[in-house]
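Worksheet for the structure shown next.
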Amino acid sequence: MDAVVAISAGMVRGTTHEGITSFKGIPFAAAPDGPLRFRTPVPAPGWDGVRDAVAFGTPPPQLAPAPGAPPVWRPDDGLDCLTVNVWTPDLGGAGLPVMVWIYGGGFKHGSSGRPDFDGVCLAGSGVVVVTFDYRFGFEGFGHLPGVPDNRGLHDQIAALEWVQGNVAAFGGDPGNVTVFGQSAGAASAALLTSAPAARGLFRRAIAQSIPDAFVSTADAEQVTRVLAAEAGVEATWEGFAALPPEAILQIQDVPLQGPAAGMSAFGPVIDGDLVTGPPWEQLRGGAGRDVDLVCGFTQDEARLYTAAMNLPTVDLSAVAASMRLPASAVADYRGAYPGLTNADLFTVLLSDALFRMPTTWVAEAHATAGGRTWLYDLAWQSPPLGACHTLDVPLTFGAAAGPHAARLLGSPPPADFAVLSEHIRTSWTAFASTGDPGWPRFDLEARITRIWDIPPSDVRYPLDGSRRIWERAVRSS
């Protein structure tokens, strides 16, 4: 059944199925091409008549997620990628909580049209769900002289401004918006929580697996120089604007060299403007104190990457050094986690460095400044990959369909997947509605942490061994 809504740019037509009405591919900003390429977003032009909003928009430029995988974006798709999608359980209602999703993907992959991010199940819990696309890779986070950094974050702010101006037409309350995101999306949520430019655009945030993915201006400048030399252009707006997106994509990983290079050359740039430092530094100073924050990690984050690696011979000392840990760190880890094999200890160390410690630092910083804070640890073990990175995504959306969910969960998924997913969805939507996810707040004394398992439990923070190792490393650096 069709449904038509009037928003600021014109009329849009969506579809209703089993009580949930969806609108897809609505522009929230103009296409960032031509003179708008590598610029901050500008509002989308309006239209006459009724615009169909029944299909997802074009994804941002990106390579296929893995060798042999079908491409998400093709050169003919172009750059008109800044669109939003809305699911609502009560189109004629008013004042529903709003949840705005920011997807992950290492700041080099992602699409709001993935089946993992279908908002039907969450919307069925009584919230308006919004997803959107934003620029990443060089288009969104490449550094160019005279051009604002962090265009992908500016896209996210523009999407949140669109929500403020339009979500009431879908039954949502613009005064009760919760941002939630995973991995790169969690880093974005944490940064936006502390950013003055996003103040007042949302009331609450859920950050699932916050990475340490922040890039200094010097490093961002070096990436641009390497790419410019590889492409044979000047390291300027004019030089890169002359390159089609696919030409930049083909060379985007050239700057990744050495064992500590990471998986992406791009991430939020500490530009001194929108991003003035890692989020834990800004939150500790009181930025974002008025935003309620849930954050957490999966217990075996790095298993997503280490499962296919030959680990028994890995040099843990070299790994620790690449993470700027002291030479004593490996012995400290062996003492904190006795009995683990070399491979398991590597997974623990990598999980801490990539996600578990940055997430912990954000929780501690926000709580230190007096912000209402909750922390969790997803411990439930899926048969294929345990409690690995991204396992929380299908649990959050209640969506076990699609190739990524099947890789994480198996097919069919375990019977208790649905049980835990309902627990998490109930908690997230309760938090969006009332500011209470259903377990005690995190503070620096009791350090209560929700363990997401069957059944859920609330315990003292479970990673004190890791936390102390990293605290000593920071103090000695």
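Rule-based calculations on the coordinates, nothing more; no lab input. The structure presented is a predicted model; accordingly, all values stated were derived computationally and were not measured. Quick reminder, even Gly has a Cβ in these numbers, built from the backbone with ideal geometry, and neighbours come from all protein chains shown.
The table for this structure:
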quantity: Cα-based convex hull volume of the chain per residue, rounded to whole Å³; calculated: 142
quantity: Under 5 Å, built H, 5+ apart or other chain: amide partners of Val54; calculated: Lys24
quantity: For region 58-193: relative contact order, % (alpha-carbon pairs under 8 angstrom, 6 or more apart); calculated: 32
quantity: Ellipsoid equivalent to region 239-329 - semi-axes via the Cα gyration tensor, in Å; calculated: 28, 27, 15
quantity: For the chain, size of Cβ-based charge dipole, Lys and Arg +1, Asp and Glu -1, in debye; calculated: 660
quantity: Per-residue ³J(HN,Hα) for region 137-150, Karplus 6.51 cos²θ - 1.76 cosθ + 1.60, θ = phi - 60°, Hz, x for Gly and Pro; calculated: x, 5, 4, x, 9, x, 8, 9, x, x, 10, x, 6, 6
quantity: Amide H within-cut-off set for Met99, under 5 Å, with H built and near neighbours excluded; calculated: Val128, Val129, Val130, Thr178
quantity: Long-range amide H partners of Leu378 with built H, under 5 Å; calculated: Phe297, Thr298, Gln299, Trp452
quantity: Relative contact order, percent, the chain [alpha-carbon distance under 8 Å, six or more residues apart]; calculated: 14
quantity: Volume in Å³ per residue [convex hull over Cα atoms, computed for region 361-420]; calculated: 92
quantity: Kyte-Doolittle mean at least -1.0, axial Cα span of 20 Å or more - DSSP H helices of the chain; calculated: 151-166, 217-231, 415-434
quantity: Environment charge at Leu349 (Cβ cut-off 15 Å; Lys +1, Arg +1, Asp -1, Glu -1); calculated: 0
quantity: Spacing of the two label points (7 Å from each Cα toward its C-beta) at Asp458 and Ala55, in nm; calculated: 4.9
quantity: Around Ile20: net Lys/Arg minus Asp/Glu count, Cβ-Cβ under 12 Å; calculated: -3
quantity: Using distinct alpha-carbon pairs, which all enter the 1/r mean, Kirkwood radius of region 296-374 in Å; calculated: 13.7
quantity: Separation in nanometres of the label points that stand 7 Å from Cα toward Cβ, at Glu18 and Val474; calculated: 4.5
quantity: Overall Cα dimensions of region 193-345 - principal axes, largest extent first, Å; calculated: 57, 44, 26
